[in-house]
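Okay, so here's the structure we're looking at.
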Amino acid sequence: KISTHLEVVTIEAKPFVYKWPIYTASDELKCAQEKGVNCTFSNETTGEVSHHCCFGYCIDMLNMLSEKVKFTFKLHLSADNAFGSFKRVGNSTRKEWTGMVGELVREEGVTSDLVVAPLTINPERAAVIDFSKPFKYQGLTILVKKPFTNTLWILVALSVHVVALVLYLLDRFSPFGRFKLAKNDDTEEDALNMSSAMWFAWGVLLNSGIGEASYTANLAAFLVLDRPDASISGIDDSRLRNPNENFRYATVKDSAVEMYFKRQVELSTMYRKMEKFNYKNADDAIKDVKKGVELQAFIWDSSRLEYEDAKDCDLVVAGELFGRSGLGVGLRKGSPWTHLISLAILELHEGGQMEKLDNKWILIESTEC
Ligand code: 192
């Protein structure tokens, strides 16, 4: 007889899984009221366990699956906070899996029966774990900073230029010598030339400072302005294909996106270029795209990036969807639950519950920008 109590692992991944910390009994109550589920996180190094309230699309789905398929569960967060990819062990063909996939592959240590998270179904993973039928179809997109902010910067730089020029002309030809900055013992002519030169130098300095800052920081969008009909055209964009020091793009380590670039031979140049910049988590990468200094483009699941685009006026999804994939529930290879969970997911699609989850968690109203 198989156990009907399952150990489930998830990961914080907006808009599918959110979490907030639980400290008191009243927090716990609040979590239950909001249809959240208690989830624990064990710190890998200290071994400390913290309690959280997990909620979102995947948690609602987990509750529905447990009802339909009739299992009970305990939920925890991925210890290394990764989705999961592999490393070869030494020179052998043996692979060591990280993240949530690792928890399904391993026989000892931290293990799980089920991954309920926006986990991408891909060939490498499907060789070592089971996947349910997809609960969502999506793909990859590219997040960049919105070009409008840059247009503004260019306008600022231009107006500084104009002001500097006006000041220069005023000073140069002013009959009143109002802007004289020279000492009294200089001749009239010297004074005029000197102050003119000073105003001119100021203008140049100001301009190059602002121009340089906005240019390097926002090269991505700058080029979009250059070529209005070529706004980052997706994976085939020349800025991604022909590495340029001023245009940095990245994804997250140990994710299916990293595996995608590793797998495709024709993307190997891009992979090498990204490898050194890849982030620990999506949140940090998105923050850096927003800042626009260290990262110009972030490649990630379309469901997350479209959500950021809708929510944040400074950010925009560029180009078309590529690397189409499905998100599925992950299970241990040969698990007796795979088929039952697939059936339940198909029923949830058919019954319109998946669509309801989309409307509730993913298709948020976009803020007017
Ligand atoms: N869904 O690794 C992802 C995965 C790709 C971005 C996270 O499964």
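A short reminder: the numbers here are calculations on the coordinates, not readings from a lab. Just so it is clear, the model here is predicted, and its values are computed rather than measured. For neighbour counting, all protein chains shown are included, and Cβ atoms are generated from backbone atoms with ideal geometry for every residue, glycine included.
Listed values, structure above:
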| read-out | value |
| --- | --- |
| Stretch gain in nm, segment Asn359-Asp284, where the contour uses 0.36 nm per residue and the Cα spacing is subtracted | 24.4 nm |
| Largest-first ellipsoid semi-axes for the range 312-369, taking √(5λ) over the Cα gyration tensor eigenvalues, angstrom | 31, 17, 9 |
| Estimated Rh, the range 1-95: Kirkwood, alpha-carbon pairs, angstrom | 14.9 Å |
| Largest to smallest principal axis extent of the C-alpha atoms in the range 47-87, angstrom | 35, 27, 18 |
| Gln33 versus Thr45: modelled label distance in nm, points set 7 Å from Cα along the beta carbon direction | 3.8 nm |
| Kirkwood hydrodynamic radius (C-alpha pairs) into Stokes-Einstein, the range 54-138, 20 °C and 1.002 mPa s, D in µm²/s | 151 µm²/s |
| Label-point separation in nm, Glu347 to Glu7, each point 7 Å along Cα→Cβ | 2.8 nm |
| Exposure proxy order (Cβ contacts within 10 Å, fewest to most) of Phe298, Phe247 | Phe247, Phe298 |
| Using distinct alpha-carbon pairs, which all enter the 1/r mean, Kirkwood radius of the range 225-369 in Å | 17.5 Å |
| Within the range 16-120: Cβ-based charge dipole about Cα centre, in debye rounded to nearest 20 (Lys, Arg +1; Asp, Glu -1) | 340 debye |
| Percentage, to the nearest whole number, of Cα pairs in the range 291-342 over 13 Å apart | 70 percent |
| Contour excess over end-to-end distance, with Cα ends at Leu152 and Thr111 and 0.36 nm allotted per residue | 9.6 nm |
| Virtual spin-label span in nm between Arg272 and Val204, 7 Å along Cα→Cβ | 4.1 nm |
| Partners for Lys253 among lysines (Cα-Cα distance below 22 Å; same-chain residues under 8 apart left out) | Lys14, Lys19, Lys87, Lys95, Lys145, Lys262, Lys273, Lys276, Lys280, Lys287, Lys290, Lys291 |
| Sites Ser174 and Val293, calculated FRET efficiency, Cβ-Cβ separation with R0 56 Å, nearest 0.05 | 0.85 |
| Residues Ile142, Ile286 arranged by fewest to most Cβ contacts within 10 Å | Ile286, Ile142 |
| Part-to-part distance (alpha-carbon centres) for the range 314-369 and the range 80-134, which is given in Å | 19 Å |
| Among Asn43, Thr24, Ser3 - extreme Cα towards positive end, dipole of the range 1-43, charges at beta-carbon | Ser3 |
| Theoretical FRET efficiency, 1/(1+(r/R0)^6), r = Cβ-Cβ of Lys262 and Thr367, R0 30 Å, to 0.05 | 0.25 |
